[in-house]
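The values are calculated or read from the model by the stated rules, or taken from the named source; none is laboratory data. Here the structure is a predicted model, which means the values were calculated and not measured. Don't worry about glycine lacking a Cβ; one is built from the backbone with ideal geometry, like all the others, and counts go over all protein chains shown. Keep in mind that these areas ignore ligands, DNA and RNA; they rest on the heavy atoms of the full protein, side chains included. Shrake-Rupley method; radii C 1.70, N 1.55, O 1.52, S 1.80 Å.
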Amino acid sequence: MTKIDEKLEPILDEVLRRNAGETEFHQAVREVLESLGRVVAKHPDYAENALIERICEPERQIIFRVPWIDDEGRVRINRGFRVQFNSALGPYKGGIRFHPSVNLGIIKFLGFEQIFKNALTGLPIGGGKGGSDFNPRGRSDREIMRFCQSYMLELHRHIGEHTDVPAGDIGVGGREIGYMFGQYKRLTNRYEAGVLTGKGLSYGGSRARKEATGYGATYFVQRMLEKRRLGFEGKRVVVSGSGNVAIYTMEKVLAFGGTVVACSDSGGYVTDEAGIDLDLVKEIKEVRRERISEYARLKGSGAHYLEKGSVWDVPCEVAMPSATQNELSGKDARVLVENGVIAVGEGANMPCTPEAVSVFREAKVLFAPGKAANAGGVATSALEMQQNASRDSWTFEQTEGRLAEIMGNIHDTCAETAEEYGAPDDYVLGANIAGFVRVAEAMRALGVI
Ligand code: NDP
């Protein structure tokens, strides 16, 4: 672990004390504070008026009961969350996650990361995150709808196009956003398209939003490789997960001439000697909503499904972890390095453990942290808000063009900031500092609030 500047140590101690047990939140705060020592050394004024302490404390945290009735007529209870972390740059913005592992600490880590990510996009959006410990797996379409409606019954009091604009995340895709938007519209009697993003195209969604996070992460890594006169062309790529981010990462990797050799879900991973057949993955995951093990069964020869071991055991030159937090351990990182990995791009939020990040750094592997690499999703959400506000609808090419431009700018901002602060090629440092400085400037201007 990198050492934290002694001026910032008491801040971390206080975060650990007052947020006991929230390990993912502690991890996310520690990682940012590790980078900020160089900033306060250069600009001591950023440490005045408890500015850093304020960034670590959410502006508002909402926890609520979500009752719903399953198909057998039984009443079920889940817990709903929305953490409105920081609105210095604009309305809170960040996804909603439905997964049994969700708790306050996970939502706070995601909301905290979101502040800096959103700042990096250069767009006027603050940071927030929400979710529930509801498990959508195996639930019928009607159960999903009833759950989404009940979740929105409480959430609608706290959101709005100028207040807080949620989107999707793990377990929340187009179907769930549709049900939530329908319930919001019914409860408020307002067609307020800008209140949620990730909407369907038939009711105010943006083209390329579905693709944006995966495409954006791939654009970021491509830019990072180009800086070294390299590219995806001819490279073996492993993508973990097989959800929204993973699928569209694979699609762009293929477009850039790479070969995806493995992908996964929480049950195991598949390899395919001929390269992963993305149409088949889409059919299994987006249409049938089945397990990735089906891939090997349907594909037949050359394809294998493995439950034991890790997707990171598969040799590759580029790794794109796109499933969930802490899915790539120090041990996995060492295996990847031994197998000759040259670049890692985090499509998911905080998928690499701190130990894994250290292994990559020491081995001089190009490493794109999630808050920079996966910012394309939220950036395109902000473009969706722009289209909603002007009652306009852009073409796919226009939207993807803006996304590519934004990802290029984020890459360059991170690279230049790292250089300016004496750590060339350290994208973690570059992303943390550049994101922080943008938020800190706005917070200073707004006074102590
Ligand atoms: P999805 O629900 O569409 O897909 C998640 C994928 O990850 C599934 O294949 C899932 O497998 C797998 N997964 C989930 N939990 C685990 C676990 N504990 N171990 C192994 N695999 C797991 O989610 P998204 O693709 O939207 O999100 C993936 C990541 O990207 C998350 O970290 C999210 O926060 C981040 N992200 C998403 C954005 C977006 O626009 N959607 C924007 C920015 C970041 P299974 O089906 O078996 O659970």
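One decimal place: the segment GLU273-GLU416 gains 47.6 nm when fully extended, by the rule 0.36 nm per residue minus the C-alpha distance. Calculated FRET efficiency, VAL75 to LYS364, Cβ-Cβ distance, R0 = 51 Å: about 0.40 to the nearest 0.05. Here the chain carries DSSP beta bridges of which approximately 55% are antiparallel, counting only pairs with both residues inside.
Of the residues VAL195, ALA348, GLY214, the one whose Cα sits farthest towards the positive end of the charge dipole of the chain is VAL195 (charges of +1 on Lys and Arg Cβ, -1 on Asp and Glu Cβ, taken about the Cα centre). When only Cα pairs below 8 angstrom with a gap of at least 6 residues are kept, the range 17-166 shows a relative contact order of 26 percent. In the context of the full protein assembly, HIS99 retains an accessible surface of approximately 70 Å², using a probe radius of 1.4 Å and ignoring ligands and nucleic acids. Dipole of the chain computed with +1 at Lys/Arg Cβ and -1 at Asp/Glu Cβ about the Cα centre; of ALA303, LEU153, GLY127, farthest Cα towards the positive end is LEU153.
The distance between label points at ILE449 and LYS7 comes to 2.6 nm (points 7 Å beyond Cα on the Cα→Cβ vector). Solvent-accessible surface (1.4 Å probe) assigned to ASP169 amounts to roughly 40 Å². Packing around the peptides 73-79, 10-16, taken as the average count of other Cβ atoms within 10 Å per residue, puts them in this order, highest first: 10-16, 73-79. Taking a ≥ b ≥ c as the square roots of the Cα gyration tensor eigenvalues, the chain comes out rounded, since a/c falls below 1.5.
Charge tally for ILE96 (other residues, Cβ to Cβ under 14 Å; Lys, Arg +1; Asp, Glu -1): +2. Put a plus charge on the Cβ of each Lys and Arg, a minus charge on the Cβ of each Asp and Glu, and nothing anywhere else: the dipole of the chain about its Cα centre is then about 1140 debye.
For GLU226, the solvent-accessible surface with a 1.4 Å probe is about 100 Å², rounded to the nearest 10. In this structure, the pairs whose alpha-carbon distance is over 28 Å, taken from LYS199/LYS331; LYS282/LYS308; LYS42/LYS93; LYS235/LYS308; LYS199/LYS282, are LYS199/LYS331; LYS42/LYS93. Rounded to the nearest 500 deg cm²/dmol, what is the calculated helix-only ellipticity per residue at 222 nm for the chain, with -39500 (n - 2.57) per DSSP H run of length n ≥ 4? That calculation yields -14500 deg cm²/dmol at 222 nm.
For the range 165-274, the share of alpha carbon pairs falling in successive 10 Å distance bins from zero is 13, 36, 27, 17, 6, 1 percent. Once you order the gyration tensor axes a ≥ b ≥ c over the Cα atoms, which shape class does the range 278-428 get: rounded for a/c under 1.5, otherwise prolate or oblate by comparing a/b with b/c? Since a/c reaches 1.5 but b/c is at least a/b, the shape of the range 278-428 is classed as oblate. Straight-line cross-link reach from LYS285 at under 13 Å between alpha-carbon atoms covers these aspartates and glutamates, not counting any fewer than eight positions away in the same chain: ASP265, ASP277, GLU294. Summary of the geometry: the range 1-42 and the range 134-159, compared by the centres of their Cα atoms, lie 35 Å apart. A Förster radius of 22 Å combined with the Cβ-Cβ distance from GLU355 to ASP313 puts the calculated FRET efficiency at roughly 0.80. Among ARG65, ARG175, the order of accessible area from largest down is ARG65, ARG175, computed with a 1.4 Å probe on protein heavy atoms.
Here the Karplus curve 6.51 cos²θ - 1.76 cosθ + 1.60, taken at θ = phi - 60°, turns the phi angles of the range 136-143 into couplings of x, 4, x, 7, 6, 4, 5, 5 Hz, with x standing for Gly and Pro.
Output the direction-averaged projected area (hull surface divided by four) of the convex hull of the alpha-carbon atoms of the range 111-190, in nm². For the Cα atoms of the range 111-190, the hull's average projected area reads 5.8 nm². Under a Cβ-Cβ cut-off of 15 Å, what is the net charge of the residues other than ALA274 that fall near it, where Lys and Arg count +1 and Asp and Glu count -1? Cβ neighbours under 15 Å give a net charge of -2. Full extension of the chain between ARG18 and SER393 yields a length gain of 130.5 nm, computed as 0.36 nm times the residue separation minus the alpha carbon distance. With a 1.4 Å probe rolled over the protein heavy atoms of all chains, the accessible area of ARG54, ARG229, ARG438 falls in the order ARG229, ARG438, ARG54, largest first.
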